[in-house]
Amino acid sequence: FPNEINEVPFFDIQLPYELALKIFHYLGKTELGRCAQVSRTWKILAEDEVLWYRLCQQEGYLLDTSISDRSCWKLALKNCRARERTLKTNWKNRIGGVSQLQYELGKILCDVHSCDGVVIAGYTSGEVRLWDTRTWDYTAPILEPVHGPGDAGPRPHVSFVRINSSLAVAAYEDGTVSIWNLMFGREPIHHYQHNQRIQALALGSEGATVATASGFEVKVESPNDRGFWQTTETFEIQKLVNFLNLVPDVMGSPVTVAAAEDVVYLLKAEDPGKILHSVYGQPVTCLDVSAHEAAFGVKTFGWLLNEPNQILLYNLETSQCLKKMGNSIGDFTCVNLQNSPPNMLVTGNKDRRVRVFDLRKSESLCSLYAHQLGVSAVQMDDWKIVSGGEEGLVCVWDHRMGTKLWEMYARHPVRHIWFNSHSLITANIPDEKNPRGASIVADDLTTHRKHRGIIYAYEFSVDQLAVESILPICRSSYDEVTGYNYNIGLAVPYDNI
């Protein structure tokens, strides 16, 4: 036992146990396994809980635990690695469960956003709905609007919705913005109004800061020290805002990046009108922001001046252009910088291609031919890319191999994609909010299902043999499964319905 070992034999000398343990701190898993075969004393030393707890933390597993929470950290690390391998296999082979998040009374889907498995959706009926996909029953509330004295008529459409770990925000067609706290019921905790239609909405990834753009005004709202919401900043700019992002992890007053036609503004309290980038006649086509950088696509004159469309990367602290990437005839339609691995960037383009860039270089690492009508949404991690297209196709790629793993199709353009290690959420949102053929009678159930749009939630369960990996409605009491399940964990026949 370690507490009985006072001296550890190290070749021709004897070392105290604590000093020998300090030396073993520099070894990895393979070296510790080899050292455990030297002698009984070295085996006890190489399997010390401190060493394996450190290795577990270094590899990113069980970060919120302390060393006393587990009795065998070597086994815990082994189980975590096996779980990760199983998840990767399930992703590649599309093994797991898939569910549709539908809300019939909402009429047509307007906007979708998600954070850590919680999905928010806004509809043409003016209703805002939440789902928590981390549980199978998907029971979550319908968020109530602010009730005024003249609310007898139909409510305005929802323009934008956003959600983070603590707040949900919705912007409506009439310029109204409602903010809910996810911990305190369905009633809004704050509500404010713009005079014109809202063109862009941004919510901080953490904390409580909301930014909205309407007309030539950008308004930033956040609570003060006592918890009362107030307008923190109001910025007047010269052009209409197309894209709006809040810079994450900012200490002090919030910093906003706004793309207005061909100008990109860096809006902060001490320098309210700072221009990050401006080239006349070259509009910005997409925008994403990380803690220290901003990446956006610029549409150039193309064949006229032999100048291709590019992705520009700017440092937010120095306001300097770090990189100009890409060489495309088509416009860049989406870019994902904040959720990409370090020094990586993934973009989608109207030329049907998904491109991955290394920020330390200027040329693309890989270019994937994906979507017939152009790419509309994209996200990547260290080994895979999920892309969505205007034609409604969702594709999953292994970008190290440059191969497509699988694809799923729905009727409308893919406007939202979010995934983590074990789940994927996609949203197909119609462009036409008042489709022809839909009844004009004010009945909530008259809009045909094909016009409504759809949200899919995929769960790539770790244990595919477990009953819990199958949706409750699809579980069968039969011992033998008949038919092909398309690798999505469905059991047939559906005798339990």
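Quick notes on this structure:
- Highest to lowest packing among 311-320, 106-115, 27-36, 424-433, scored as the average C-beta count within 10 Å: 106-115, 424-433, 311-320, 27-36
- Residue-wise HN-Hα couplings along the stretch 274-280, as the Karplus relation 6.51 cos²θ - 1.76 cosθ + 1.60 with θ = phi - 60° gives them from phi, are 5, 9, 7, 8, 7, 9, 4 Hz; Gly and Pro carry x.
- Measuring how big the stretch 17-91 is from its alpha-carbon positions, Rg and Dmax come out at 13.3, 44 Å.
- For the stretch 17-91: relative contact order, % (alpha-carbon pairs under 8 angstrom, 6 or more apart): 23
- Using only side-chain charges placed at the Cβ, +1 for Lys and Arg and -1 for Asp and Glu, the dipole size of the chain relative to its Cα centre rounds to 1240 debye.
- Helix 49-58 vs. the chain, principal-axis angle (Cα, 0 to 90°, nearest 10): 30
- Under 5 Å, built H, 5+ apart or other chain: amide partners of PHE10: LEU15
- Here the dipole of the stretch 17-91 is about 360 debye; that uses its Cα centre as origin and unit charges on the Cβ of Lys and Arg (positive) and Asp and Glu (negative).
- Between LEU62, ILE179, VAL263, the Cα set farthest toward the positive side of the dipole of the chain (charges on each charged residue's Cβ, about the Cα centre) is that of VAL263.
- Cα centroid of the stretch 19-71 to Cα centroid of the stretch 152-218, whole Å: 49
- Local net charge near SER423, Cβ-Cβ under 12 Å (Lys/Arg +1, Asp/Glu -1): -2
- Taking amide H atoms as placed 1.01 Å from N in the peptide plane, the amide H of HIS190 lies under 5 Å from those of ILE179, each 5 or more residues away in sequence or on another chain.
- On full extension, the segment bounded by PHE216 and LEU365 gains 49.8 nm, given 0.36 nm per residue less the C-alpha separation.
- Projecting label points 7 angstrom from Cα along Cα→Cβ for GLN37 and ASP116 puts them 4.4 nm apart.
- Karplus-derived 3J(HN,Hα), 6.51/-1.76/1.60, for each residue of the stretch 110-120, Hz, glycine and proline x: 10, 7, 9, 8, 8, 8, 6, x, 9, 10, 10
- Fully extended contour minus Cα-Cα distance, from GLU144 to LEU405, at 0.36 nm per residue: 89.9 nm
- Over the chain, DSSP H runs of length four or greater, each weighted -39,500 (n - 2.57), average out per residue to a 222 nm ellipticity of -3000 deg cm²/dmol.
- Each of THR41, VAL169, ASN309 was scored by the projection of its Cα onto the charge dipole of the chain, and the greatest displacement toward the positive side belongs to ASN309; charges sit on the C-beta of Lys, Arg, Asp and Glu.
- When the pairs LYS74/LYS384; LYS350/LYS450; LYS274/LYS350; LYS29/LYS361; LYS274/LYS323; LYS43/LYS78 are compared against a 23 Å limit on Cα-Cα distance, LYS74/LYS384; LYS350/LYS450; LYS274/LYS350; LYS29/LYS361 fall above it.
- Spin-label pair TYR26/LEU240, simplified geometry with 7 Å Cα→Cβ offset, distance in nm: 6.4
Every number in this text was worked out from the coordinates using simple rules, so none of it is lab data. Note that the coordinates shown come from a computational prediction; the quantities given were computed from them, not determined experimentally. Neighbour counts are summed over all protein chains in view; Cβ atoms, including those assigned to glycine, are modelled from backbone coordinates with ideal geometry.
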